[in-house]
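The values are calculated or read from the model by the stated rules, or taken from the named source; none is laboratory data. Being a predicted model, the structure only gives us computed values, none of them experimental. Glycine gets a Cβ as well: all are built from the backbone with ideal geometry, and neighbour counts include every protein chain shown. With ligands, DNA and RNA removed, areas are computed over all heavy atoms of the protein, side chains included. Shrake-Rupley method; radii C 1.70, N 1.55, O 1.52, S 1.80 Å.
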Amino acid sequence: MSNLVWIELDAQAPDHNMNEIRKGVQRDVLFCAVVKSNAYGHGVRQVVPLLKNADWFAVNSLEEGLELREIGVKKPVLLLGHVPISQLHDAAKAELRLTVFNRETIAALSKIKAGGPQVRIHLKIETGTGRQGILPEQIPEYIREIQDADGVMLEGVSTHFANIEDTLNYDYSHRQLTTFKKALEDIQKMGENPPIIHTTCTAAAVLFPETHFSMIRAGIGVYGLWPSRETFLSATMREKSVPDLKPVLTWKTRAIQLKSLPEGSFVGYGCSYRTTRKTRVAVLPIGYADGYDRSLGNTAYVLVNGKRAPVIGRICMNLSMIDVTDIPKVTLENEVVILGRWGNEVISAETMAGWAQTINYEIVTRISPFLERKVVNSKDRAQG
Ligand SMILES: *Cc1c(COP(=O)(O)O)cnc(C)c1O
């Protein structure tokens, strides 16, 4: 860990984003904030206290769920992933809600909970994502198993959309929704009426009210990022109010050396960059170990004094180099924005994702958990 590289989190932005997403959602629908993978790289310990209006939280693993309990989260916490059969006891003890898609889980839960308080489970239905979830034709056997299991309560039913972010054609999503509704009917016919029905990601929550049921799950939008260009475009074309999402995260560092290299000098491993003029180089103490992807070498820009400076040479494990020849008054330990805004210039997660040939989700999620996260009030910020 180095305090020369850090993350600043806008204290007001997460709540603002939740309110923006909520605008298109009926008041009685619960809001489940997805804070898996260290709150999408933002820092779960810093972000969760900023989400005072979330009704539920969702994470992937048991360990993440236990961490939420450890930091004092009393609200319902849903585990989206698989909990090892041998650790179901820990999940039940912490009153974490389980997403269930294996019969072995139900059988094991009924054994550990005999006589104890109820374990609340959410049955995940496979509607076309080909990921976790039980096939619709397996519903009768699963429901029977749940009904026979002592101390196991079917609290929720869920599914997940496969192809809502990637296209402007929502036929596939609507087919998934139809399959899900039919599955719900089948469950209800067997005498179960679980109160928490949920299907959405941010894109579905923003675009399709018919997917909301009793709870929306939203991750990326809470962090002020759009799931995709297509989602933004669809929201814009709908002419309803478009959520005004504010990115929560700024990624910063400081220049640790400045020097002028003569024309024709090589920069970085592999000598992949060669100066074509006398070049003022700033060395940055950030590298791929921090989550600054190696593909950004010779490709990305950073912001220095409100201007773009190109990354030159390859990204090293802990270091990168930038060209600041055209930026006046750069000093030792000058602040540098890797991702975020400085004045009128911005390097968005989407821009960086374009450079790294990935998506904004991966850019933020892979920021090293070892970097310091500071919560700042937007009004006190030096820049932006
Ligand atoms: C990650 C995840 C979400 C959140 O998706 P966003 O696109 O980030 O809003 C919702 N549901 C499930 C099951 C997920 O795994």
*Counting pairs of alpha carbon atoms under 8 Å apart in space and at least six apart in sequence, what relative contact order in percent does region 7-73 give?*
37
_Below 8 Å, C-alpha to C-alpha, sequence gap of six or more: please give me the relative contact order for region 249-381 in percent._
26
*Straight distance only, please: which lysines reach the Cα of Lys307 with their own Cα at less than 27 Å, same-chain residues fewer than 8 apart left out?*
Lys246, Lys252, Lys259, Lys278, Lys329, Lys374, Lys379
_How much accessible area per residue does the chain have, counting only protein heavy atoms and a probe of 1.4 Å, in square angstrom?_
45
*Leu332 to Arg175: extension gain in nm, 0.36 nm per residue of separation minus the Cα-Cα distance?*
50.8 nm
_Let me cross-check Cys201: its accessible surface, 1.4 Å probe, with only protein heavy atoms counted, in Å² to the nearest 10?_
20
*Quick one: with all protein chains in place, what share of the accessible area of the chain is carbon or sulfur, to the nearest percent (1.4 Å probe)?*
50
*Using alpha-carbon positions, what is the distance between the centroids of region 88-113 and region 309-384, in Å?*
42
*Fraction of antiparallel bridges per DSSP, the chain only, in percent to nearest 5*: 50
*For the peptides 203-215, 125-137, what is the packing order when you average, over each peptide's residues, the other Cβ atoms within 10 Å and list the highest mean first?*
203-215, 125-137
*15 Å Cα-Cα reach of Lys111 towards aspartates and glutamates, excluding residues that sit fewer than 8 places from it in its own chain*: Asp90, Glu145, Asp148, Asp150
*Quick one: angle between helix 139-148 and the longest Cα principal axis of the chain, in degrees between 0 and 90, rounded to 10, please.*
70
*Within straight-line cross-link reach of Lys75, lysines at Cα separation under 20 Å, skipping those fewer than 8 residues along the same chain*: Lys36, Lys52, Lys93
*Go through 263-274, 283-294, 238-249 and give me the packing order, highest mean Cβ count within 10 Å leading.*
283-294, 238-249, 263-274
*Stretched out fully, how many nm does the piece from Lys246 to Arg131 gain, at 0.36 nm a residue minus the Cα gap?*
38.3 nm
_With an 8 Å Cα cut-off and a minimum separation of 6 or more residues, compute the relative contact order for the chain in percent._
19
*Size of charge dipole - region 249-381 - debye, nearest 20, with Cβ of Lys, Arg +1 and Asp, Glu -1, no other charges*: 260
